[in-house]
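The values are calculated or read from the model by the stated rules, or taken from the named source; none is laboratory data. On a predicted model such as this, the values are computed, not experimentally measured, just so you know. Cβ sites come from the backbone with ideal geometry, for glycine too, and all protein chains shown count toward neighbours.
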Amino acid sequence: MSDELRFYADEHFPRPATEGLRRRGVDILTTLEAGRDGTSDVDQLAFAATQERVVLTFDSDFLELHQSGAQHTGIAWCPEQKYRIGDLIQAVLLLHGVLDRASMRNHVEYL
């Protein structure tokens, strides 16, 4: 099994960024594709862990879950208005290129 990061984009993560990451060979699943839109953040985090995926999100509730001690396979968080789509893609590609699954376990990466 590869240690390469795989991602789970929550419902707020922009579709153009998801598509851009896929075009660059990144394994990414969205809440919509998983049939999980509207599911609680706790359940989203647990689902991502069962799939060994890092959650991509703008939602600060995931930071609170991390602080509460919730176990997870990684959270990549940034403020929603920080990046344009191309810059967001580049930030995720950098994360994908330098970290592996073990290093993301129970870790938050601030993009």
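Somewhere in the stretch 53-60, is a residue surrounded by fewer than 20 Cβ atoms within 10 Å (Cβ to Cβ), within 18 Å of Ala17 (Cβ to Cβ) and of a type in the set (Lys, Arg)?
The first filter runs over the stretch 53-60 and keeps only residues surrounded by fewer than 20 Cβ atoms within 10 Å (Cβ to Cβ), leaving 58-60.
Checking which are within 18 Å of Ala17 (Cβ to Cβ) leaves us with 58-59.
With the extra rule that they be of a type in the set (Lys, Arg), the set shrinks to none.
The answer is no; no qualifying residue exists.
Given Ala70, Ala34, Ala49, Ala17, which one is of a type in the set (A, V, I, L, M, F, W, C) and in contact (Cβ under 8 Å) with a residue 60 or more places away in the chain? Break it down stepwise before answering.
Values: Ala70 fails: in contact (Cβ under 8 Å) with a residue 60 or more places away in the chain; Ala34 fails: in contact (Cβ under 8 Å) with a residue 60 or more places away in the chain; Ala49 fails: in contact (Cβ under 8 Å) with a residue 60 or more places away in the chain.
Just one listed residue meets the conditions, Ala17.
Only one of (1) outside any helix (DSSP H, G or I); (2) within 13 Å of the chain's Cα centre (by Cα) fails for Ala46. Which number is that?
All conditions pass for Ala46, except number (1).
Can you tell me how many residues within the stretch 35-51 are modelled with pLDDT under 95 and either buried (at least 17 other Cβ atoms within 10 Å of the Cβ) or small (Gly, Ala, Ser) (or both)?
So the answer is 1.
Under the condition of being assigned to a strand (DSSP E or B) and hydroxyl-bearing (Ser, Thr, Tyr), which residue from the stretch 1-30 is farthest from Ile75 (Cα to Cα)?
Thr30
Quick check on my filter: what residues within the stretch 75-104 are assigned to a loop (DSSP other than H, G, I, E, B) and over 9 Å from Leu5 (Cα atoms)?
Cys78, Pro79, Glu80, Gln81, Lys82, Tyr83, Arg84
Just a yes or no: is a residue in the stretch 31-39 assigned to a helix (DSSP H, G or I) and not aliphatic (A, V, I, L, M)?
no
Determine, yes or no, whether His72 is in a loop (DSSP other than H, G, I, E, B), of a type outside the set (Gly, Ala, Ser), surrounded by fewer than 14 Cβ atoms within 10 Å (Cβ to Cβ) and within 14 Å of the chain's Cα centre (by Cα).
no
Take the conditions more than 14 Å from Glu11 (Cα to Cα), in contact with an Asp or Glu (Cβ under 9 Å, 6 or more places away or on another chain) and of a type in the set (A, V, I, L, M) and apply them to Leu65. Does it pass?
yes
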